[in-house]
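Okay, so here's the structure we're looking at.
The values are calculated or read from the model by the stated rules, or taken from the named source; none is laboratory data. All values reported here derive from a predicted model rather than from experimental measurement. Cβ coordinates were reconstructed from backbone atoms using ideal geometry, including for glycine residues, and neighbour counts include every protein chain displayed.
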Amino acid sequence: MAPLTPHWPQPSHGDVQEVVINEAAFTSKSLSKVTVAPYGVFAKIDFPPATPASEPTYATVQMGRDAHLNLNSDLVYINHSCDPSL
């Protein structure tokens, strides 16, 4: 799968994150502008721009046992793994 090309207005969440775009594949990143307590909310995910995904990819987020979504925003650049760094 090719690196993601943003198709949304940027910055989409400039109040909470700074996105650092790197030309090398899969090396762009997000830097938090805020401190969030454990189990706190970093950003609300709205529908739209988020949409259901037909299958999981590196750019989707799991929202149920067999359900994934496309963030369609700069939130795609955060560490959204099972072991997040924020």
>> Going through Val34, Val41 one at a time, which residue ends up being β-branched (Val, Ile, Thr), touching a residue at least 12 places away in the same chain (Cβ under 8 Å) and on the phi < 0 side of the Ramachandran plot?
In response: Val34
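How many residues does segment 18-41 contain that are surrounded by 10 or more Cβ atoms within 10 Å (Cβ to Cβ) and within 19 Å of Leu4 (Cβ to Cβ)? Explain how you work it out, then say what you get.
Residues of segment 18-41 surrounded by 10 or more Cβ atoms within 10 Å (Cβ to Cβ): 18-22, 26-34, 36.
Those still in the list that are within 19 Å of Leu4 (Cβ to Cβ) too: 18-22, 26-31.
Residues meeting the conditions: 11.
Picking from Tyr58, Tyr39, which residue would you name as being modelled with pLDDT under 90, part of a loop (DSSP other than H, G, I, E, B) and over 13 Å from the mean Cα position of the chain (by Cα)? Full working, then the answer.
Numbers: Tyr58 fails: over 13 Å from the mean Cα position of the chain (by Cα).
After applying the criteria, what remains is Tyr39.
Can you tell me how many residues within segment 61-81 are in a strand (DSSP E or B) and under 13 Å from Leu4 (Cα atoms)? Break it down stepwise before answering.
As a first pass, look at segment 61-81 and keep what is in a strand (DSSP E or B): 61-64, 67-70.
From the residues that got through so far, the ones that are under 13 Å from Leu4 (Cα atoms) too are 70.
Counting residues in segment 61-81 that are in a strand (DSSP E or B) and under 13 Å from Leu4 (Cα atoms) gives 1.
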> Give me the pairs: first residue in segment 1-22 and in a loop (DSSP other than H, G, I, E, B), second residue hydroxyl-bearing (Ser, Thr, Tyr), beta-carbon distance under 7 Å, and six or more apart or on different chains, which are they?
Replying inline: Met1/Thr57; Met1/Tyr58; Trp8/Ser73; Ser12/Ser73; His13/Ser73; Val16/Ser32; Ile21/Ser28; Asn22/Ser28
>> Give me the residue from segment 64-84 that is at pLDDT below 90 and farther than 17 Å from His13 by Cβ and, out of that set, surrounded by the most Cβ atoms within 10 Å (Cβ to Cβ).
In response: Ser81
> Of all residues in segment 1-35, how many are modelled with pLDDT of 90 or more and hydrophobic (A, V, I, L, M, F, W, C)?
Replying inline: 6
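Does Phe47 meet the test of being among the aromatic types (Phe, Trp, Tyr), at pLDDT 90 or above and surrounded by fewer than 16 Cβ atoms within 10 Å (Cβ to Cβ)?
On the way: among the aromatic types (Phe, Trp, Tyr): yes; at pLDDT 90 or above: yes; surrounded by fewer than 16 Cβ atoms within 10 Å (Cβ to Cβ): yes.
Against the criterion (among the aromatic types (Phe, Trp, Tyr), at pLDDT 90 or above and surrounded by fewer than 16 Cβ atoms within 10 Å (Cβ to Cβ)), Phe47 qualifies.
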